[in-house]
Amino acid sequence: MNASGLNFLAVEDHEFQRGMLIRMLEGLGATKVTGAADGKAALDIVMARTPAVDIVISDLDMPGMDGMEFMRHLGEAGIPVSIILASVHERSLLTSVEVMTKAYGVTVLGVIEKPVTPAKLDALIGLHKAVRPDVRPAASGPPFTLEEIVEGVKNDEIEAFFQPKVELATGRLHGAEALARWRHPNSGVIAPLAFIPLLEDNHQIEMLTRTMMRQSAAFCAEWRASSGLDVTVSVNLSITTLADVHLAERVTELVRGQGSEPAHIVLEVTESATTTEVGRVLENLSRLRMNGFGLSIDDYGTGYSSMQQLMRIPFTELKIDQSFVAKASTEPAAKVILESSLDMAKKLDITSVAEGVESQQDWDLLRQLGCVVAQGYLIAKPMPVEAFREWAGNRTHLEGFEIGTGH
Ligand code: C2E
Ligand code: CA
Ligand code: CA
């Protein structure tokens, strides 16, 4: 059963309907179901994280804080829950609320036109594992403490995996993105969602950034020298580290120290509504750009006031979030966002990158729409450095990707 092992929150002002919903979820095997009568109560429960809620099923019309306001607060808090929206309203309104919710950076599994049935619920709950394959294997809150994570970083257990980025028009290798993995001595390879948010929340992320940057710069220098290819390596930079005005200098020194050059490194930054130190962030980003780094606006489309960010920051790359890429071939609204994002990148003369390219259909659509670079499981998953070397070696010999070039 899809629901087993998961914690649910049922947000519904109508007491009878709430009771029904709770029983339905329990019938589907839910481990724990909590009820809330409005957005405010729901938000308190989600924020408390004891235990962490996996899936929220929320009504839209509620007295006090309604479903839309609740979604906005969830987005601003950045809590990793999945949402199912349920309402009696017409499809077009539900779709617009779904798009709005995603625009706030919240994961939406889907919408249900009431009445809610076990079958409709079960189908959407089944998507949860697909969208969050890396989150908590057990539903009992974060599995690692801050101390354990910090210890792991200090012990050099963080390893950069690399995922290729390929040019859609030619199939040529464009570069790679470095993605952090924790090679835990007992628990195997741990995905970043299990340790990065905690490091960020506690202002300890720079340690991790440094080890990722060091590995990436060293690998980039070696890769360029051995392959003769003009490739770049992308590294994710948490916006919180950009509040320290000396970061740019430290990062630049670190990259040069590994025999690499800033011009061969792209820094991916996710826009965020919670940035308070706007001046400092801009000073850092401007200096990094001045020093030659590429700057990529990551997860484009999910954050807030994207347009404003683009105007202020000297970005060189626009990375369209995988949620739009994945749905563009089936959902008109997602396609519109994808198209306008690509259009904007073109007008600003910056490189467009689509992440989460999983199918031939995605690839063909992106190619047709003129997207420049693709990254995703269709091409390859993130790999340890040796596996990447081998993969890239074979790829160069093939002289171009065959995907999407016809039969
Ligand atoms: P992101 O920067 O948006 O990275 C893309 C994520 O999508 C990666 O997840 C990648 O493995 C995954 N992905 C790639 N292709 C596909 C695909 O075709 N389908 C699907 N469903 N997923 C795909 P990952 O490695 O779990 O990283 C999650 C997030 O953790 C990253 O999202 C990034 O925000 C953060 N992160 C990872 N490494 C670092 C790091 O070194 N520093 C910081 N600050 N954040 C990092
Ligand atoms: Ca990224
Ligand atoms: Ca993303």
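The values are calculated or read from the model by the stated rules, or taken from the named source; none is laboratory data. Just so you know, these numbers come straight off a predicted model, no measurement behind them. Cβ sites come from the backbone with ideal geometry, for glycine too, and all protein chains shown count toward neighbours. Surface accessibility is based on the protein's heavy atoms, side chains included, excluding ligands, DNA and RNA. Shrake-Rupley method; radii C 1.70, N 1.55, O 1.52, S 1.80 Å.
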Exercise. If we keep just the residues of segment 346-360 that are within 16 Å of ligand 3 (Cβ to nearest atom) and among the aliphatic types (A, V, I, L, M), which is surrounded by the most Cβ atoms within 10 Å (Cβ to Cβ)?
Worked result: ALA354
Exercise. Can you name the helices (runs of 4 or more DSSP H) wholly within segment 315-383 that have at least 1 residues being touching a Phe, Trp or Tyr at 6+ places or on another chain (Cβ under 8 Å), free of Cβ contacts under 8 Å to residues at least 60 places away in the same chain and within 16 Å of ligand 2 (Cβ to nearest atom)?
Worked result: 332-348
Exercise. If you go through segment 236-257 one residue at a time, do you hit one that is part of a loop (DSSP other than H, G, I, E, B), among the acidic types (Asp, Glu) and open to solvent by 60 Å² or more (accessible area, probe 1.4 Å)?
Worked result: no
Exercise. Taking segment 147-188 only, how many residues are more than 16 Å from ligand 2 (Cβ to nearest atom), of a type in the set (D, E, K, R) and under 19 Å from GLY294 (Cβ atoms)?
Worked result: 2
Problem set entry | Complete set of residues in segment 159-194 that are β-branched (Val, Ile, Thr) and either touching a residue at least 40 places away in the same chain (Cβ under 8 Å) or surrounded by 21 or more Cβ atoms within 10 Å (Cβ to Cβ) (or both) | VAL166, THR170, ILE190
Seminar exercise, completed: Across (1) closer than 26 Å to THR276 by Cβ; (2) open to solvent by less than 10 Å² (accessible area, probe 1.4 Å), SER87 clears everything bar (1)
Seminar exercise, completed: The residue from THR101, THR95 that alone is touching a residue at least 60 places away in the same chain (Cβ under 8 Å) and either in contact with a helix residue (DSSP H, G or I) (Cβ under 8 Å, 6 or more places away or on another chain) or open to solvent by 50 Å² or more (accessible area, probe 1.4 Å) (or both) is THR95
Seminar exercise, completed: Only one of LEU173, LEU193 is modelled with pLDDT under 95 and away from ligand 3 (no atom under 16 Å from the Cβ), namely LEU173
Exercise. Which ones in segment 98-130 are β-branched (Val, Ile, Thr), part of a helix (DSSP H, G or I) and modelled with pLDDT of 90 or more?
Worked result: ILE125
Exercise. Could you say which residue among ASP298, ASP230 is surrounded by 17 or more Cβ atoms within 10 Å (Cβ to Cβ) and either outside any helix (DSSP H, G or I) or free of Cβ contacts under 8 Å to residues at least 60 places away in the same chain (or both)?
Worked result: ASP298
Exercise. Does at least one position in segment 238-246 carry a residue that is out of contact with any Lys or Arg (no Cβ under 8 Å at 6 or more places or on another chain) and under 19 Å from PRO382 (Cα atoms)?
Worked result: no
Exercise. Could you count how many residues in segment 284-295 are crowded, with 16+ Cβ neighbours inside 10 Å and either more than 28 Å from TRP223 (Cα to Cα) or of a type outside the set (A, V, I, L, M, F, W, C) (or both)?
Worked result: 5
For this session: Tally the residues that are over 21 Å from ILE320 (Cβ atoms) and surrounded by fewer than 18 Cβ atoms within 10 Å (Cβ to Cβ), restricting the search to segment 259-274.
Result: 4
